[in-house]
Amino acid sequence: MPRLQNNVSIRANRQAVFDITNDIARWPEYFDEYTDARILDSTRSGQFTALTFELSNSHSSWRSWRLLDHANYFAIAERQDPLYPFAYMHLRWSYEETSQGTDMTWTQDFELDHSFSRPLADVLTSMQSHTQQNQMNIKRFIETLTTIPVR
């Protein structure tokens with residue numbers, strides 16, 4: 001199973017980073033790949049929020065679910081439909097408070113669909129670069145947007 005894991009340090013408190021990065025409707029503002037993001041369903045129960053949402057880019061749209069753990073500052077997600085070019089895509093975002101702000105780690109576990117012809121090494125290189133760029137975009141967005149003090 002291929003795995004990508006990337007980390008970025010953001011000079012803002014953990015609550016702000018968690019809230020902003022999980023405001024899916026605003027993803028087109030700070031992730032240049034999305035043209036639209038729509039929440040289809042949202043249910044809060046205690047420390048958890050379950051979301052179903054649709055993302056679109058210039059080529060396609062897909063549906064995913066996401067579970068937010070507000071008490072432990074992590075989110076898990078899975079791409080649902082369509083899966084292609086993946087056989088599955090599981091994501092985990094975790095947020096650790098530091099003296100400098102928040103370390104945000106994104107972990108992606110996936111398998112490519114057997115009919116996808118692009119070599120895995122090329123996909124990994126592309127996804128790695130893309131993920132790092134997205135993390136830098138969100139870092140700039142949050143650090144520009146917030147003057148929320150680090151605890």
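The values are calculated or read from the model by the stated rules, or taken from the named source; none is laboratory data. Because the structure is predicted, anything quoted here is derived from the model rather than measured. Positions of Cβ are generated from backbone atoms using ideal geometry, with glycine treated the same way; all protein chains shown enter the neighbour counts. These area figures cover heavy atoms from the full protein model, side chains too; ligands, DNA and RNA do not enter into them. Shrake-Rupley method; radii C 1.70, N 1.55, O 1.52, S 1.80 Å.
What are the residue pairs meeting all of these: first residue in the stretch 88-110, first residue among the acidic types (Asp, Glu), second residue part of a loop (DSSP other than H, G, I, E, B), Cβ atoms under 9 Å, and 6 or more apart or on different chains? Qualifying pairs under 9 Å: Glu96/Tyr73; Glu97/Asn13; Glu97/Tyr73; Glu97/Val150; Glu97/Arg151; Asp109/Met1; Asp109/Pro2. Pairing residues of the stretch 1-28 that are of a type in the set (Lys, Arg) with residues that are open to solvent by 60 Å² or more (accessible area, probe 1.4 Å), at Cβ distances under 9 Å and at least 6 apart in sequence or on separate chains, gives Arg11/Gln100; Arg14/Glu96; Arg14/Glu97; Arg14/Arg151.
Please go through the stretch 17-35 and give me each residue that is in contact with a Ser or Thr (Cβ under 6 Å, 6 or more places away or on another chain) and modelled with pLDDT of 95 or more, ordered by number. Of everything in the stretch 17-35, just one residue is in contact with a Ser or Thr (Cβ under 6 Å, 6 or more places away or on another chain) and modelled with pLDDT of 95 or more, namely Val17. Output the number of residues of the stretch 27-41 satisfying the condition of being touching a strand residue (DSSP E or B) at 6+ places or on another chain (Cβ under 7 Å) and either of a type in the set (Asp, Glu) or open to solvent by 50 Å² or more (accessible area, probe 1.4 Å) (or both). Summing the residues that are touching a strand residue (DSSP E or B) at 6+ places or on another chain (Cβ under 7 Å) and either of a type in the set (Asp, Glu) or open to solvent by 50 Å² or more (accessible area, probe 1.4 Å) (or both) in the stretch 27-41 gives 6. Taken over the stretch 10-22, the criterion of being open to solvent by 60 Å² or more (accessible area, probe 1.4 Å) and not in a helix (DSSP H, G or I) is satisfied by Arg11 alone.
Selection of the stretch 13-26 for residues being farther than 17 Å from Trp106 by Cα and in contact with a strand residue (DSSP E or B) (Cβ under 6 Å, 6 or more places away or on another chain) yields only Ala25.
Being within 18 Å of Pro2 (Cβ to Cβ) and among the small types (Gly, Ala, Ser) is the filter here, so list the residues in the stretch 63-95 that pass it. Matches in the stretch 63-95: Ala77, Ala87.
With respect to the conditions (1) touching a Pro at 6+ places or on another chain (Cβ under 6 Å); (2) at pLDDT 95 or above; (3) not aromatic (Phe, Trp, Tyr), Glu96 falls short on a single one, namely (1).
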